[in-house]
Amino acid sequence: MSVTVEARRIEQRMLQRRNGVVLNRISQVVFALAGILVLYVVGRAAAANLGVFFQQVLNGFQLGFIYALIALGYTMVYGIVKLINFAHGDVFMVGAFVSFFTISLLNLHQWPLAVWPGMNPTAAMVIGTVTVILASMLTCALLAVTMERFAYRPLRAMPRIAALITAIGVSFFLEYFGGLPFVFTNNYITYPRPFEVFVLNADMVPPLWLGILWGMCGIAAIVYGILKVLGNRGNARAQAWQRNPFLQFGMLFGGFLGVALTIIWLTPRLVRTHFDLTASNAMLIIMGISVILLVILQYIVRYTRIGKAMRASAYDKPTSRLMGINVDMVIAATFALAGSLAGAGGVLYATAYNRIHHLMGIIPGLKSFVAAVIGGIGSIPGAFVGALTIGLVEVLSAGFISSPMRDAVAFSLLIIVLLIRPQGIFGEAPGEKV
Amino acid sequence: MRQLLRNTNFTFILGAVLVFIVVQALISLGVLNAYWQGIIFWGAAITMVSLGLNLIYGFNGQFSLGQFGFYAIGAYASADITYRWVRNDPSALVVVIFGSILALALMFGVSAFLRRFYGVATLTKFLFNFLAAVLGFFLAVRFVNPAIGKVIYAALNALPSGISQQLIFFLALVGGATLAGIVSYLFGIPVLELGSDYFGIATLGFTIIVKVLLDNTDTILPFPEMKGARGMVGIPKWTTWPWVFICFMAVVLVMRNLIHSSTGRAILSVREDERAAELVGIDTASQKILAFVVGSVFAGLAGGIRAHDLAFLHPTTFGFLPSFNPLIIIVFGGLGSMTGTIITGFFWIFLLEGLLRLYLPEGFETWRFVVYPLVLLLMMLLRPQGLMGRYEIAFLRRPLPPLRVKEASPVQEVIPQAGEVTA
Amino acid sequence: MAKRSFAILAVLVVLATMVAACKPAPKALKVAILAPLSGDVATFGASTRDGALLAIEEWNAKGGVLGRQIEAVVEDSQCEAEPAASAANKVINQDQVKFIIGEVCSKASIPVSEIATANKVVQISPTSTNPKVTIDEAGNAKPTVFRACFIDPFQGTVAATFALNKLGAKTAAVLLDQGNDYVRGLAEFFRDAFEAGGGKVVVWETYTAGDTDFTAILTKVKDANPDILYLPDYYSTVNVIAAQANQMGIKAIKLGGDGWDSPKLDQAALAGGFFTNHYSSEDTRPVVQDFVKRYQAKYGSVPDALAALAYDAANILFMAIQQAGTDDPVKVAQAMEKGTFSVVSGDITFDNQHNPKKCAVLLEVSPDKVSYKDTVCP
């Protein structure tokens, strides 16, 4: 009997508890104030010298686009096999090294000139660079497929931790095998670029380019808008055309290059600054190639049979198998796509920052992974947006807060995003599993 | 006698004492030189870290990569205490010890206060606890240290130097472990709410943030003696075999008893099925925090041991790549097996840092890290449940829950009554 | 399964204890060479090892030291504090070495010097220029730690005076790795000397070892538009920063320290820059040319400053052992403090902080070669 009294007393006390909403509001205000303070500090530093701020934004884009290529691989692989593929950053490293060897040993970037000596040097450079990137992409795709076949596939039926440990093992193996003296050596190597780097500043940006780029972006956006309106009215063909890769290419390519060049062209004319904004051609090439690869990826995932099979398998593996999809093949294809993007990322990263090392994949790999999580893991546009965010935040914090703290800022952002919106910006709320 | 030997507790204690005596004798006789002694201490430290992780991941099912962050916090905090002490500055000791006490008291008060409300969001809980902890340490820095720092210094110095040194070392170890525990509690409140993968990612971020902060201890944080990325030198080399043994046994015993208690069963139930555990009335959130904090305290303690053995700390020791080691050790040894963790932990260091480093021919040292991932891969393919699976030696094995025919628990008594009312 | 694993483990334990127990009896005189054979500055390590081994070979050909052959224990210390500390512990505790030549980098030499002091082992660093390598926190010389090179206050001053007087610079930007004692020391001494001479350091930015993206801090440099860009880091990092600076259109003259001395220096990116160094192989003194000839005969390349200083360091050590007449480290250290040693980089005596008095040379980088520019003596 006394026990029930005790229980009732506990119940009473539970009922007497007050609503905690007030406290929640207080804490929300505190967090908001802290956020505003940070923004204010950065904003004031940025406003003090707009030229520097815009230059840092451009630097951030350059980094962000490379992260995007790696992050896409993480997000696709996670989407389909729910595995954090820690070895992905090392595939990126291998991509950089493959391009290093093709350039320094095989002179692959100059093959058009070797075959047709009288060729236009610009065209030769373009073809040579594309060949180098394709070689790296192919090698990395092969590497990723091999990895999947021999390390991950046998473990697919086992607990997820086994696959994760295996991923860590593969990552260590690639890092330290690459570090052996007869493989890549463990020295820092200065990277020979496949093309000459030159610097663009405000006087060197022809307004014609700007017009063409913005025109591309504008036309694509207008067409997209029209299609959207038509699609909303129920026009099935318009709906199908909405996601046409050419539209996306026009909007993204025109938009990003246009923004970059316009910033360079416009800032000195509008803002009184002694600062001479510059972009190297490397930056523009990185943006261009990333956008092209992104659009191709979207095309593959949206329109091809294999892409549809990927989406189906990511959604529900057993059912896709019943529908006659060869899930193993689809997973291998996903790894190949992810690997090739990482390979391209490796070449571009090495080109931008001209140093390679057998452990270079760890930190960019992690940051891209963070980008994928921030954008919503499993979502392709999310990975892209997350990567640009991380790139920008990293460079801005290095520029305006403290350079050695850049990694801490990036990972703090990760934790904050996880706390506020665990599924990421573009992610779908996880379904309740019972 | 035979009966005694059959008693697992007795045999375990006998074995432990024997190990202690044998190792101590080997050290005293000079058979184990400083290098091998270091390997043993290192093995004990890494095993303690791994046991902590096994509690968090193996027994409680929360996939964490943050263990090395707490290891680093414990190492640096305790090293700072003794570093300053041997340079006649008791401030670190006073601040860490009294700050921890004040922070714990304030956090306890905050928790009691928050319990009177319902619907408190985890972020709110985090904010209030965080403010309480900051206030505690702020008070210690501003008021306690100027007030009693000199007194404590004089009092401790009045003791014979040998005793005061051991006492300071003990306090440093406790201080480092407590600090790691407080940080893990604060970090755990909001982050443990996340699902398994997201929790892992967030703890990974934590490890990297700690490492970056350690890189900047002398530039951004106000600890010039830690020397940032240049490495902290001049830590007294106080770790001895008895200390290692005591700390190690403390960790093993605490963990064993925790797991065998009813709280331990609650912790296990969260791993098996969080939702079901919640449905039978287990406060899963606090079980997760408990396991996380205890695991981190183990890591902090191990950090203190390691710091005073190496006498030199560098942030890369706590970087991203080595932070996988505890995870690999517990998976190798078998998730949820203390025996497996202990054996793998020691042999990990023993093989990789001891035997192979010394006896591989020159130039083949780097091959260690090429071969061991391959071993790892083979292991995962052939025996994914780990070396020991869930095997435990008798002392650590959980006694089967006895069949109990007892008076019903209060909860059960309430239910029929409620039934009566409705009837 | 479990039982079998236990048995295997037990056997391993026994074996390991046995292996650990038997120590080789010391007959030859063991000397450890700690050098970064891999990692960031691998060419430093290779040169240092080659220089020291050349000296050891020559002494052994002459019959060794005190009638004992010299045996070298080479360890890769990676120019990093942690591996260097564990390598030092290993050679002292496991190999029973009493003399250490190394490390090359100050940030690795400092922890090694602490260990050497604690174990009363003689350490002579060929090229660690940070003052703290040989002096402790209180400013006293560590009794058994020496170096064979000049120190950063001198090197930084030489660079700053050169920038002010010869290059006519008014402003400078300094980029430094905050985790590297060598870089930090050099940067600080350069700043002090530069500002004392009437110049102004307009940008002072730090980065972390292993960073590859320097665009954010270089943007600040570009904004300040300084006359001098002082990069006191090792060649591998300087290569990257210089290339990215050119990519951003920064026109400042690049200036650096002895960390640039490597065949892997990116001379195209650093063309027009200058750096301070210990010695130039173009030096016409016979002792230098003789050494260059012998080194070239053995290794087929022109020795850089690291090889020369490692050769010197080994020679100083063996001469001191010879003079002390014993291999007792404390006595050898005392002999080193007192003696005068005639080696490739001049006649060396140690001051009360265990630093030799030496001159610095300034070298100019052009796309195809590194040429001698000037000599500055204290």
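The values are calculated or read from the model by the stated rules, or taken from the named source; none is laboratory data. In this text, all values refer to a predicted model and were calculated from it rather than measured experimentally. Cβ: placed from backbone, ideal geometry, glycine included. Neighbour counts: every protein chain shown.
Under 6 Å between Cβ atoms, at least 6 apart or on separate chains: pull out the pairs that start in the stretch C:151-179 with a residue that is closer than 18 Å to C:Lys373 by Cα and assigned by TED's automatic domain parsing to the domain that holds C:Gly197 and end on any residue that is assigned to a loop (DSSP other than H, G, I, E, B) and hydrophobic (A, V, I, L, M, F, W, C).
Cβ pairs passing all conditions: C:Ala163/C:Ala169.
From the residues in the stretch B:178-200 that are in contact (Cβ under 8 Å) with a residue 12 or more places away in the chain and facing chain A (nearest Cβ under 10 Å), which one is farthest from B:Ala105 (Cα to Cα)?
The selected residue is B:Asp197.
Looking at the stretch A:161-188 only, could you name the residues that are at pLDDT 85 or above and touching a strand residue (DSSP E or B) at 6+ places or on another chain (Cβ under 7 Å)?
Across the stretch A:161-188, there are no qualifying residues.
Just name the residue that is nearest to B:Ala132 (Cα to Cα) out of those in the stretch B:95-119 that are in a helix (DSSP H, G or I) and within 14 Å of chain A (Cβ to nearest Cβ).
So the residue we want is B:Val110.
Could you say whether any residue in the stretch C:82-100 is touching a His at 6+ places or on another chain (Cβ under 6 Å) and at pLDDT below 85?
Checking the stretch C:82-100: at least one residue is touching a His at 6+ places or on another chain (Cβ under 6 Å) and at pLDDT below 85.
Show me the helices (runs of 4 or more DSSP H) entirely contained within the stretch A:303-415 in which 1 or more residues are away from every other protein chain (no Cβ under 14 Å) and touching a strand residue (DSSP E or B) at 6+ places or on another chain (Cβ under 7 Å).
Those helices (runs of 4 or more DSSP H) do not exist here; none qualify.
Return the pairs, sorted by first residue and then second, in which the second residue is part of a strand (DSSP E or B) and of a type in the set (Ser, Thr, Tyr), the first residue lies in the stretch C:93-106 and is in the same structural domain as C:Ala335 (by TED's automatic domain parsing), the beta carbons are less than 9 Å apart, and the residues are 6+ apart or on different chains.
Hits for this filter: C:Ile100/C:Ser125; C:Ile101/C:Ser125; C:Gly102/C:Ser125; C:Glu103/C:Ser125; C:Val104/C:Ser125; C:Ser106/C:Ser125.
Identify, from the list C:Val376, C:Val292, C:Val365, the residue that is under 24 Å from C:Cys105 (Cα atoms) and in the same structural domain as C:Ser128 (by TED's automatic domain parsing).
C:Val292
Hey, does the stretch A:214-237 have a residue that's surrounded by fewer than 17 Cβ atoms within 10 Å (Cβ to Cβ), more than 25 Å from the chain's Cα centre (by Cα), within 24 Å of A:Thr278 (Cα to Cα) and away from chain C (no Cβ under 14 Å)?
yes
Per-residue answers, yes or no, for (1) at pLDDT below 80; (2) touching a Pro at 6+ places or on another chain (Cβ under 9 Å); (3) more than 10 Å from every other protein chain (Cβ to nearest Cβ); (4) assigned to a helix (DSSP H, G or I):
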residue	(1), (2), (3), (4)
A:Val3	yes, yes, no, yes
A:Ala7	yes, yes, no, yes
A:Arg13	yes, no, no, yes
A:Asn24	no, no, no, yes
A:Ser27	no, no, no, yes
A:Val30	no, no, no, yes
A:Leu37	no, no, yes, yes
A:Tyr40	no, no, yes, yes
A:Ala47	no, no, yes, yes
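Being farther than 30 Å from A:Phe65 by Cβ, in contact (Cβ under 8 Å) with a residue 24 or more places away in the chain and among the polar types (S, T, N, Q): is that true of C:Ser236 here?
Criteria not met by C:Ser236.
Can you find a residue in the stretch B:227-237 that is part of a helix (DSSP H, G or I), on the phi < 0 side of the Ramachandran plot and surrounded by fewer than 18 Cβ atoms within 10 Å (Cβ to Cβ)?
First pass over the stretch B:227-237, keeping only residues part of a helix (DSSP H, G or I): B:228-230.
Next, from what is left, pick out any that are on the phi < 0 side of the Ramachandran plot: B:229-230.
Next, only the ones that are surrounded by fewer than 18 Cβ atoms within 10 Å (Cβ to Cβ) stay: none.
No; the residues of the stretch B:227-237 include none that is part of a helix (DSSP H, G or I), on the phi < 0 side of the Ramachandran plot and surrounded by fewer than 18 Cβ atoms within 10 Å (Cβ to Cβ).
Residue-wise test of (1) part of a loop (DSSP other than H, G, I, E, B); (2) within 23 Å of A:Ser397 (Cα to Cα); (3) within 11 Å of chain A (Cβ to nearest Cβ); (4) free of Cβ contacts under 8 Å to residues at least 12 places away in the same chain.
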site: C:Leu218; (1), (2), (3), (4): no, yes, yes, no
site: C:Leu229; (1), (2), (3), (4): no, yes, no, no
site: C:Val240; (1), (2), (3), (4): no, yes, yes, no
site: C:Ala243; (1), (2), (3), (4): no, yes, yes, no
site: C:Gly249; (1), (2), (3), (4): yes, yes, yes, no
site: C:Lys254; (1), (2), (3), (4): no, no, no, no
site: C:Leu265; (1), (2), (3), (4): yes, no, yes, no
site: C:Ala268; (1), (2), (3), (4): yes, no, yes, no
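What is the number of the single condition among (1) within 27 Å of B:Gly319 (Cα to Cα); (2) surrounded by fewer than 22 Cβ atoms within 10 Å (Cβ to Cβ); (3) within 14 Å of the chain's Cα centre (by Cα) that C:Ala46 does not meet?
(1)
Take B:Leu127 and tell me if it is within 25 Å of the chain's Cα centre (by Cα), modelled with pLDDT of 95 or more and not small (Gly, Ala, Ser).
no
What is the number of the single condition among (1) touching a residue at least 40 places away in the same chain (Cβ under 8 Å); (2) over 25 Å from A:Tyr349 (Cα atoms) that A:Ile226 does not meet?
(1)
State the number of residues belonging to the stretch A:272-317 that are under 30 Å from C:Val221 (Cα atoms) and either loosely packed, with under 15 Cβ neighbours inside 10 Å or out of contact with any Asp or Glu (no Cβ under 7 Å at 6 or more places or on another chain) (or both). Full working, then the answer.
Kept after step one, since they are under 30 Å from C:Val221 (Cα atoms), are these residues of the stretch A:272-317: A:272-290.
Subset that is either loosely packed, with under 15 Cβ neighbours inside 10 Å or out of contact with any Asp or Glu (no Cβ under 7 Å at 6 or more places or on another chain) (or both): A:272-274, A:276-290.
Qualifying residue count for the region: 18.
Can you tell me which condition C:Val112 does not meet? The list is (1) closer than 23 Å to C:Lys222 by Cβ; (2) touching a helix residue (DSSP H, G or I) at 6+ places or on another chain (Cβ under 8 Å), and all the others hold.
(1)
Of everything in the stretch C:185-206, what is under 22 Å from the mean Cα position of the chain (by Cα) and surrounded by fewer than 24 Cβ atoms within 10 Å (Cβ to Cβ)? Give them in sequence order.
Step one: of the stretch C:185-206, the residues under 22 Å from the mean Cα position of the chain (by Cα) are C:185-191, C:206.
Across the stretch C:185-206, the qualifying residues are C:Glu188, C:Arg191, C:Thr206.
Which of the residues belonging to the stretch A:145-156 are more than 10 Å from chain B (Cβ to nearest Cβ) and surrounded by fewer than 16 Cβ atoms within 10 Å (Cβ to Cβ)?
A:Thr146, A:Arg149
Give the residues of the stretch C:83-104 that are within 11 Å of chain B (Cβ to nearest Cβ) and in contact with a Pro (Cβ under 8 Å, 6 or more places away or on another chain), sorted by residue number.
C:Ala84, C:Ala85, C:Ala88, C:Gln96
Scan the stretch A:267-289 for residues that are modelled with pLDDT of 75 or more and out of contact with any Gly (no Cβ under 8 Å at 6 or more places or on another chain) and jot them down.
Selection gives A:Ala279, A:Ser280, A:Asn281, A:Ala282, A:Met283, A:Leu284, A:Ile285, A:Ile286, A:Met287, A:Gly288, A:Ile289.
Does the stretch B:201-221 hold any residues that are more than 7 Å from every other protein chain (Cβ to nearest Cβ) and either farther than 19 Å from B:Ala299 by Cα or charged (D, E, K, R) (or both), and which are they?
Within the stretch B:201-221, B:Lys211, B:Thr217, B:Asp218, B:Leu221 meet the criteria.
Yes/no matrix, rows are residues, columns are (1) crowded, with 24+ Cβ neighbours inside 10 Å; (2) away from chain B (no Cβ under 14 Å); (3) part of a strand (DSSP E or B):
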residue: C:Ala116; (1), (2), (3): yes, no, no
residue: C:Thr129; (1), (2), (3): yes, yes, no
residue: C:Gly139; (1), (2), (3): no, yes, no
residue: C:Pro143; (1), (2), (3): no, yes, no
residue: C:Cys149; (1), (2), (3): yes, yes, no
residue: C:Pro153; (1), (2), (3): no, yes, no
residue: C:Gly156; (1), (2), (3): yes, yes, no
residue: C:Ala163; (1), (2), (3): yes, yes, no
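Within the stretch A:157-166, can one find any residue that is in a loop (DSSP other than H, G, I, E, B) and over 24 Å from B:Leu204 (Cα atoms)?
Yes: the stretch A:157-166 contains one or more residues that are in a loop (DSSP other than H, G, I, E, B) and over 24 Å from B:Leu204 (Cα atoms).
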